[in-house]
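Notes follow the structure.
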There are 2 protein chains.
Amino acid sequence: MLEFFQLKTIEEVLALLERFPVLAAETIPLQQAWNRVLAADVAAPADVPEFDRACMDGYAVRARDTFGASPGSPAWLSISGEVAMGAVATQPLAPGQAQRLATGGMLPPGADAVVMVEYTQELGDQTIEVYRSVAPLENVVQRGEDVTAGTVLLRAGARLRPQDIGLLAALGVAAVPVRRRPRVAVLATGDEIIPITAAPQPGQMRDANSYALAAQIMACGGDPQPLGIIPDRLEAWQAAIETALAASDLILLSGGSSVGTRDLAVAAIRSFPDAEILVHGVAISPGKPTILATIGGKPLFGLPGHPVSALVIMDILVQPLLAQLLGLAGPEPPWRRRVTARLSRNLASAAGREEFVRVRLRLADDGLWADPILGKSGLISTMVKADGLVRIPLHTEGLEQGERVEVRLFR
Amino acid sequence: MLEFFQLKTIEEVLALLERFPVLAAETIPLQQAWNRVLAADVAAPADVPEFDRACMDGYAVRARDTFGASPGSPAWLSISGEVAMGAVATQPLAPGQAQRLATGGMLPPGADAVVMVEYTQELGDQTIEVYRSVAPLENVVQRGEDVTAGTVLLRAGARLRPQDIGLLAALGVAAVPVRRRPRVAVLATGDEIIPITAAPQPGQMRDANSYALAAQIMACGGDPQPLGIIPDRLEAWQAAIETALAASDLILLSGGSSVGTRDLAVAAIRSFPDAEILVHGVAISPGKPTILATIGGKPLFGLPGHPVSALVIMDILVQPLLAQLLGLAGPEPPWRRRVTARLSRNLASAAGREEFVRVRLRLADDGLWADPILGKSGLISTMVKADGLVRIPLHTEGLEQGERVEVRLFR
């Protein structure tokens, strides 16, 4: 059976990814929630802070008692007590009085401002001089000023950063609903592929991709499940895909898309009754012979066996699929992992494909330069030397030396 | 005892961090090495590839047999066999012959180039037409072309990315020497601090910092060890520091540096015979009351209790210390986690301190803008709204609306 597949553009493939549903939520302890993706909006259950408190070390005062105070003409206040940390300030502050308190301390009734300790001097135990006037509410965080009860603070789809974790802790959220980490099965295919601990005979290659892909899956917040090396026989591929379907959310067939094996890949995928091949060939270089299929609603990518092509496809196509499965809100903002640099030499482009060129960044006196890395796309060492990728758009003849280009930085 | 400490600049503090030694190395399986820091140079034990191989699907040929070939005047070659994947190509290629092979396949003796399958047509089983000439070595990766035996490929101090893991796998490096992850003890101090699951009474605050700091430690490649909430008593602090010294590489005292407790912190640190306080106050805002000490050669940071100040100090000072302990090669390059944007309003600066202002990034038609986030520095919600920090240098009066500023992006 001869089949013709039309190359799809990157945008067409990205649009197809939207069909795959977001993974289920799970609730985990806050300690483990860093870098996970929130599965529900979080609203503040109460005001933060729950009381008016000092945000500087110093003295609680009535602001009007300090009006006009200066080093030449200080205000004198009598010390009527001290607010201990963690204690309820019960003793009211009368006019002309001050009470010591530290950052975070509760304002006593009657006080409406805090004078920083730097602008005071104690005269014995009973009196302070104040050298600067404070306005009402100065150096005070009012009840609800940080967070008002009921406000939605973090939205579903946010990746939790350290400060987000801190806010959740401040709100008493000890268990957080997050998306399950996508389990990603990695099947290395090819009769020439051997375990990395084996010594290759001529014609054989070590299984670099299982390791590189697993690392990239981790970098994207997924949980890699390497299923080993699968020999190039239909039954072996069918069995491996069946195992992977049962235990994972996404299947990566490394080396399942080149001329030698793509018929095998197509046959193995088609042997499942609910399979559909969505993409067979993408207008991208490197990485053209990429397959995207769905089996029983689960996505499967057939990746080129070339490590460089596989890593580029991971970055350009598989990472967005993982973001889709995680329910990440929106695409990565354009200022993340992107820099602008000038290209240090001309780059020609193959017609009809988007090209991704490996570049190394170099900071010179006249700014940041992107040096294209020469070498065939099969050489993994070129990826190791590179800091990122420059995209040559589809309908251009290439890029010129000195042109400003956007560099997608590697993780 | 009254003591005077001179505020140190950020650069002075960073210079002091260099005294702390790099942690020991450990050898771990390659599967776990992603994002770890290499502890030794890795040289290639052998050539990669170890044989001349095809980097395209097609036919192994003698290049000269294709010279002058075109669609109008194809070259005819006889098919003398096929090189199976993973097999040694033993059958020599005679002039006028071609052998089928796939990407990665070994070149047979006598062949010096590969014609891509796209430029050929099979005429029966025995003959192909070739429509394009190939140069010698075209579509061939020569032995050692990716990596030559003995070349140093990855240097000690490199953080391992997916492609680096792939290269190590290709070289058969199944166990990797990396730096131990820094164990970082986090001690939350303060009588007003309560566990996050408790309901705060007036005057009390939940322990947000232990969680936020732990997340930031993870983001920097460290291993957080939260040691709980320590009451404000000298013996309690001494005991907690002693526990931390035994089990960790770096101690963070959250809330141990403000007016109310800094004497306690200094006393607790000084009670250890081999302690030295290196820094007591940094010319930075927020985060001025920061302590850096060494006890028996181990570093200790006293961090402000304000979550925002603590997180800023983590980013500006503690992260470089973790990089030092990890032996990370060089500072983070200036194109990492940095973007240039225009400031949307004037920012005044306090004299004598470097200020770090929280900003949110906004992409408009006329480019990227940094919107300063208003609100007192004690409000953790301001960090949650922000994408990064803008630095106002020490000896400036501030920054002007429309000025181009560098934004340090949060992780």
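In terms of packing, defined here as the mean over residues of other Cβ atoms within 10 angstrom, the peptides A:217-228, B:115-126 line up highest first as A:217-228, B:115-126.
Over the protein assembly as shown, the pair-distance histogram of Cα-Cα distances with 10 Å bins from zero comes to 2, 12, 20, 22, 17, 11, 8, 5, 2, 1, 0 percent, rounded to whole numbers.
Enter the per residue convex hull volume of the stretch B:53-141, computed from alpha-carbon coordinates, in Å³ rounded to the nearest integer. Can you show the working numbers first?
Values: hull volume 6.3 nm³, N = 89.
Cα-based convex hull of the stretch B:53-141, divided per residue, equals 71 Å³.
Using every pair of distinct Cα positions in the stretch B:106-157, the Kirkwood expression returns a hydrodynamic radius of 14.0 angstrom. Per residue of peptide B:154-161, the mean number of Cβ atoms on other chains within 10 Å of the residue Cβ is 2. Computed over chain A with a Gaussian network model linking Cα atoms closer than 10 Å, the most mobile of A:Val152, A:Val318, A:Val83 is A:Val83.
The convex hull defined by the C-alpha atoms of the stretch B:338-409 has an orientation-averaged projected area of 4.5 nm². Phi angles of the stretch A:133-141 translate, via the Karplus equation with coefficients 6.51, -1.76, 1.60 and θ = phi - 60°, into HN-Hα couplings of 7, 10, 7, x, 6, 5, 6, 10, 9 Hz per residue; Gly and Pro are given as x.
If you run the Gaussian network model on chain B, springs between alpha carbon atoms under 10 Å, then out of B:Leu137, B:Leu343, B:Leu14 the most flexible one is B:Leu137. Amide H contacts under 5 Å for B:Val176: B:Ile28, B:Leu30, restricted to partners 5 or more places along the chain or on a different chain, H placed in the peptide plane at 1.01 Å from N. Residues in the stretch B:322-335 carry Karplus couplings, in order, of 5, 5, 5, 5, 7, x, 4, 6, x, x, 4, x, x, 9 Hz; the curve used is 6.51 cos²θ - 1.76 cosθ + 1.60 with θ = phi - 60°, and Gly or Pro positions show x.
The stretch A:50-66 and the stretch A:126-165 have Cα centres separated by 14 Å.
Taking every DSSP beta bridge that has both ends in the protein assembly as shown, the antiparallel portion is near 70%. Counting every pair of alpha carbons in the stretch B:86-211, the share spaced more than 19 Å apart comes to 71 percent.
Using the Cα centre as the reference, give the magnitude of the dipole from point charges on the C-beta atoms of chain B (Lys, Arg: +1; Asp, Glu: -1; all else neutral), rounded to the nearest 20 debye.
It works out to roughly 920 debye.
Close amide H pairs (under 5 Å, H built 1.01 Å from N) link B:Ala113 with B:Val61, B:Ala63, B:Leu137, residues at least 5 positions away or on another chain. Fraction of C-alpha pairs exceeding 18 angstrom in the stretch A:21-73: 65 percent, rounded to a whole number.
About the Cα centre of the protein assembly as shown, how large is the charge dipole given +1 on each Lys and Arg Cβ and -1 on each Asp and Glu Cβ? Please answer in debye to the nearest 20. Display every interim value, and only then the final one.
On the way: 74 positive and 88 negative charges, 24 e Å.
Magnitude of the dipole: close to 120 debye.
Rounded to the nearest 10 degrees, the angle from helix B:234-247 to the longest Cα principal axis of chain B is 20 degrees. Within a straight-line Cα-Cα reach of under 21 Å, B:Lys385 can be paired with the following lysines, leaving aside sequence neighbours fewer than 8 residues apart in one chain: B:Lys376.
Return one quarter of the surface area of the convex hull spanned by the alpha-carbon atoms of the stretch B:228-289, equal to its mean projected area, in nm². Show your work: numbers first, answer last.
On the way: hull surface 18.6 nm².
Mean projected area for the stretch B:228-289: 4.6 nm², to one decimal.
Over all Cα atoms in chain A, the spread is summed up by Rg and Dmax: 30.8, 99 Å. For chain A, the relative contact order works out to 16 percent when only alpha carbon pairs closer than 8 Å and six or more residues apart are counted. For A:Arg360, the amide hydrogen comes within under 5 Å of the amide hydrogens of A:Asp371, A:Ile373, A:Asp387, counting only partners 5 or more places away or on other chains and with H modelled in the peptide plane.
Would you mind calculating the relative contact order of the stretch B:338-409 from Cα pairs under 8 angstrom and at least 6 residues apart, reporting the percent as a whole number? List each step's numbers first, then the result.
On the way: 153 pairs, mean separation 35.1, N = 72.
RCO, the stretch B:338-409: 49 percent.
The relative contact order of the stretch A:53-141 comes to 44 percent, based on Cα pairs under 8 Å that sit 6 or more residues apart. The mean number of Cβ atoms from other chains found within 10 Å of a Cβ in peptide A:80-91 is 4, as a whole number.
With only Lys, Arg, Asp and Glu charged, each at its Cβ (+1 for the first two, -1 for the last two), find how big the charge dipole of the stretch B:53-141 is about the Cα centre; round to the nearest 20 debye.
Details: 5 positive and 9 negative charges, 45 e Å.
In total the dipole reaches around 220 debye.
Within the stretch B:5-71, the GluC sites (Glu not before Pro) that combine a DSSP coil assignment with at most 13 other C-beta atoms in a 10 angstrom radius are B:Glu18. I'd like to know which of B:Pro231, A:Trp369, B:Pro273 lies farthest towards the positive end of the charge dipole of the protein assembly as shown, counting +1 on Cβ of Lys and Arg and -1 on Cβ of Asp and Glu. Result: A:Trp369.
What is the distance in Å between the Cα centres of the stretch B:83-109 and the stretch A:270-342? If you average the Cα positions of each part, the centres end up 32 Å apart.
DSSP bridge analysis restricted to the stretch A:53-141 gives an antiparallel fraction near 80%, rounded to the nearest 5.
Beta bridges per DSSP, both residues in chain A: antiparallel share near 70 percent.
Between the residues B:Phe20, B:Ile10, B:Gly150, the greatest Cα displacement towards the positive end of the dipole of the protein assembly as shown, with unit charges on the Cβ of Lys, Arg, Asp and Glu, is found for B:Ile10. Considering the stretch B:372-411 at the alpha-carbon level, its Rg and Dmax are found to be 11.4, 29 Å.
Computed 3J(HN,Hα) for the stretch A:26-40, one whole-Hz value per residue from the Karplus formula 6.51 cos²θ - 1.76 cosθ + 1.60 where θ = phi - 60°, is 9, 9, 10, x, 4, 4, 9, 8, 4, 6, 8, 9, 5, 9, 8, glycine and proline marked x. Here the scattering of the stretch A:246-372 is modelled by Debye summation over its C-alpha atoms, one equal scatterer each and no solvent; at q = 0.09, 0.12, 0.23 Å⁻¹ the log10 of I(q)/I(0) is -0.34, -0.58, -1.36.
Can you pull the Kirkwood radius for the stretch A:142-277, inverse mean 1/r over Cα pairs, to one decimal in Å? Don't jump to the answer; show the numbers that get you there.
Values: mean 1/r = 0.0552 Å⁻¹.
For the stretch A:142-277, the Kirkwood estimate is 18.1 Å.
Applying 1/(1 + (r/R0)^6) with R0 = 25 Å to the Cβ-Cβ distance of A:Ser70 and B:Leu7 gives a FRET efficiency near 0.50.
Since every read-out is calculated from the coordinates, none of them should be taken as a lab result. Computed from a prediction, not measured in an experiment: that's the story for all the values here. Cβ coordinates were reconstructed from backbone atoms using ideal geometry, including for glycine residues, and neighbour counts include every protein chain displayed.
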